[in-house]
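The values are calculated or read from the model by the stated rules, or taken from the named source; none is laboratory data. Treat the numbers as computed from the prediction; the structure is a model and nothing was measured. Here the Cβ is made from the backbone with ideal geometry for all residues, glycine too, and neighbour counts use every protein chain on show.
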Amino acid sequence: MVNLISIAFASNPLTLPALGVTYENDPGVHNDFNRAQLYAALTGSGRVLGAFIDVDGREQLAGVSVWYGPGRQFLDDDEQRGHWTAFARKTDPKVSQWWAEVMLPRYDQLTREGLGDGVKKELLHLQVIGTHPKFQQRGVGKAMIRHMLSQVSVCFSQ
C-alpha cells in the first residue's frame, strides 16, 4: 500500500517541494512519507481502504485511501505523531523544518479559517487517496469515495 501511494503521486509536481526530492531520485523518502500517513491511520485513529481490480483472474491492488472519521484527525495523538517523527528524522532537515514550521501550521490555519475552529475534526476527512497509474481513469478513486460516503450519514446546513 505504501509503494502504491508513492507511485500514484510520483509525477505530482507538489511532491518535490514537499519532500525535497523526486520519486525517481529517492523512492525511499516518498515511501517513508506515505508510510507515516498509512501507519498513523492504522493506529486505530483512521481507516485505510484498498481497492482491488481483477486482472486476468487475480486481484491487484489498484488504489488506497486513508480516512479519519468524526472525532479523529491526522496527528492528533502521540502514537500517530511517533510515525510522523520517524519520517521527519529521515528527511533533509530543511524539509522537516518546512513541514513543522510552514506546511502543517498553515494547513491547520486554513482548515480553521475555512471550516471554523474544531469543525474539521468532527467531519469525515480524506487524508490521502491514490490510484496506481495503470488503473487511473477507471473509477477506482471514485469508488473508494462513494464507498466511504455510503458508510456515513450526511447532513447539510444552510
Item to complete: Inspect segment 109-124 for any residue being under 20 Å from I5 (Cα atoms) and either among the β-branched types (V, I, T) or without any contact (Cβ under 8 Å) to a residue 60 or more places away in the chain (or both) and give the result as yes or no.
Response: no
Discussion item. Any residue in segment 83-106 that is over 15 Å from L14 (Cα atoms) and free of Cβ contacts under 8 Å to residues at least 12 places away in the same chain sitting within a Cβ distance under 9 Å of a residue that is exposed (fewer than 12 other Cβ atoms within 10 Å of the Cβ) and of a type outside the set (A, V, I, L, M)? List the pairs, counting only those 6 or more apart or interchain.
Written reply: S96/R89
Fill in: Pick from segment 48-63, criterion β-branched (V, I, T) and touching a residue at least 12 places away in the same chain (Cβ under 8 Å), ranking: surrounded by the most Cβ atoms within 10 Å (Cβ to Cβ)
I53
Response to the item:
The correct count of residues that are without any contact (Cβ under 8 Å) to a residue 60 or more places away in the chain, hydrophobic (A, V, I, L, M, F, W, C) and within 15 Å of V95 (Cβ to Cβ) in segment 1-20 is 2
Worksheet entry | Index of the failed condition, R35 passing every other in (1) modelled with pLDDT under 95; (2) within 26 Å of R146 (Cα to Cα) | (1)
Response to the item:
For segment 100-158 the number of residues that are within 28 Å of Q60 (Cβ to Cβ) and charged (D, E, K, R) is 4
Worksheet entry | Failed item, numbered, when Y107 is tested on (1) hydroxyl-bearing (S, T, Y); (2) more than 21 Å from L149 (Cα to Cα); (3) in contact with a helix residue (DSSP H, G or I) (Cβ under 9 Å, 6 or more places away or on another chain); (4) surrounded by 13 or more Cβ atoms within 10 Å (Cβ to Cβ) | (3)
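Do you know which residues across segment 64-80 are touching a residue at least 40 places away in the same chain (Cβ under 8 Å) and either surrounded by fewer than 18 Cβ atoms within 10 Å (Cβ to Cβ) or farther than 30 Å from G118 by Cα (or both)? Steps first, please.
Step one: of segment 64-80, the residues touching a residue at least 40 places away in the same chain (Cβ under 8 Å) are 64-74, 76, 80.
The answer is G69, P70, G71, D76.
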Item to complete: Please find, within segment 1-35, the residue that is farthest from G130 (Cα to Cα) out of those that are aliphatic (A, V, I, L, M) and out of contact with any strand residue (DSSP E or B) (no Cβ under 9 Å at 6 or more places or on another chain).
Response: V21
